[in-house]
Structure formats: C-alpha cells, structure tokens
Amino acid sequence: MIHDLTITLNEKTLPFLPGGDPYLKWSPLATHLENQVQVNYVSMSTHLGTHADTPLHFIDGGKSTAEIDLKKYSGPAVCLDVPGVKAGELLDFSDTLKENKELIRAGDIVIFHTGWEDKVGTTEYFEYPEFALNTGFLLGLFSINGIGMDLPSLDFGGPIHRDILGRDIGIVESLINLKPLIGKRFYFSAVPLKFENGDGSPVRAYAVTD
C-alpha cells in the first residue's frame, strides 16, 4: 500500500511564516484553450510545504540537492510516536529512541509523529516545539541516514539543523498522514529535485507498506 505523506501545494499554502517566506505564485504559460497544451510557471520557496533540507541550507559549502546521497532521503524507515507534544517545549527523544531501539536499524530513516500535522494550514502550525540540543548525538548512536517529522522545522535559530545536517543525516519536514505508520517499518521516499545550488526542495513524500 502506498501512503501519500505530502501537503498539497497551491497559492493558499502557508509558507514558513517565522521566516517571512513568500506565498507560491502560479501562472499559465500555455493553456488548452489557446494552445492545446497546458504549461505553467511557478515561483516558490525551496522550503514550502513538505520539503527536504540539505546541508547547504545551514552549512556554508555543504552539499546541495544535486550532490546529496539519495539514501539520506529514501530507503528503509520506521515511524515513532512522540505523544503529548506542546508548543514552546523542547523535544528530547531519549525515551522514544530507547523504547524503540529494537525497531530501529542502521541506515534507517526515522520518522517522528507528534500529531502536529493536525495544525497544518493554521498559524499555530508555526508555533512548533523545538528539538533538544542532544538530538544529533542521540541520532548518531543509531547510525541512521535521515529523519522526518510532522513539524515545519526542527528549531528557530538553526543550531539543531547544523548539528544534524553536519552529521550527514538528511532532514524531511512537514510530513502528514503519519498515524497509520506508527510503530511500523516501511519504504520511504522524499527525494528533492536536483537543483545545482539547492539548499532544499519541495518533495512528494510517500511510504510503501506491505
């Protein structure tokens, strides 16, 4: 079964409000009525909706979307539940990772379900909790390839991003529809577009379960 984990993009999709990102703009270059073909022009942030972060996003000289190892954004994955998440708190995953250590394998992409996806489309979505400073260290203990989450970002200032991306761990943010995947292993894909100087990219994220 294929699970679509992606926010639909249109001109009403809320961009990253804390950063003042622009809204998506969509305009026709050719239409079926006039040209018998449809082609559109789109302008948007590289971090709109469900998207991937690459090292270049927070590390000067870091790998771009054209240079990253695809296994950091696609491959075997597991979804872990992080209940009771509230705005303004720091998310320490020590207990979550310890409780699920038998489920996690080296090379996995670990997906965190917090329930924050229920706020997608509202301004509250961007009042998200931040990852604790020990997150990168904890993830490094499991030798994973990437992480994903139903939050719009890991932090507000960037220290957690720099730590995790600096460990060559891929990041996918703003996932949705994660509830059916909690506690399961599956194939996950959220590969970014291959921009030469891409710091990130909207993705079509999905999971494949048996």
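The numbers here are math on the coordinates, done by the rules we state, and not lab data. All of these numbers come straight from a predicted model, not from anything done at the bench. All Cβ positions, glycine included, derive from the backbone under ideal geometry; neighbour counts span all protein chains shown.
Measuring from centroid to centroid over Cα atoms, what is the spacing of the stretch 1-55 and the stretch 166-210 in Å?
The distance from the Cα centre of the stretch 1-55 to that of the stretch 166-210 comes to 17 Å.
From the backbone phi of the stretch 119-124, what are the Karplus-calculated ³J(HN,Hα) couplings (6.51 cos²θ - 1.76 cosθ + 1.60, θ = phi - 60°) in whole Hz, Gly and Pro given as x?
Result, ordered by residue: 9, 4, x, 10, 5, 4 Hz.
With each label point set 7 Å from Cα along the Cα-Cβ vector, what nm distance links A66 and K179?
4.2 nm
Stretched out fully, how many nm does the piece from L141 to L17 gain, at 0.36 nm a residue minus the Cα gap?
Details: separation 124, 0.36 × 124 = 44.64 nm, distance 3.32 nm.
Roughly 41.3 nm would be gained on extension.
Please compare each pair in K86/K184; K98/K194; K25/K72; K71/K101; K71/K184 to a cut-off of 28 Å on the Cα-Cα distance and tell me which ones are over it. Display every interim value, and only then the final one.
Values: K86/K184 24 Å; K98/K194 35 Å; K25/K72 30 Å; K71/K101 21 Å; K71/K184 19 Å.
As for pairs spanning more than 28 Å Cα to Cα, those are K98/K194; K25/K72.
Using a 10 Å cut-off on Cβ atoms, rank the peptides 103-113, 12-22 from the highest mean neighbour count down. Working shown, then result.
Working: 103-113: 19.5, 12-22: 13.5.
Output ranking for 103-113, 12-22: 103-113, 12-22.
Enumerate the calculated ³J(HN,Hα) couplings along the stretch 144-156 in order (Karplus 6.51 cos²θ - 1.76 cosθ + 1.60, θ = phi - 60°), each rounded to whole Hz, writing x wherever the residue is Gly or Pro.
8, 8, x, 9, x, 7, 9, 9, x, 6, 7, 7, 9
So what's the projected area for the stretch 82-210, the Cα convex hull averaged over all directions, in nm²? Mind dumping the intermediate values first?
Working: hull surface 32.7 nm².
Answer in nm², one decimal: 8.2.
Would you pull out the residues with amide H under 5 Å of D150's amide H, same chain only if 5 or more places away, H placed 1.01 Å from N?
Placed amide hydrogens put F112, T114, L175 under 5 Å from D150.
Applying the Karplus parametrisation 6.51 cos²θ - 1.76 cosθ + 1.60 with θ = phi - 60° to the phi angles of the stretch 190-206, what ³J(HN,Hα) value in whole Hz is obtained for each residue in order, glycine and proline being reported as x?
8, 6, x, 5, 8, 7, 4, 10, x, 8, x, 6, x, 9, 9, 7, 8
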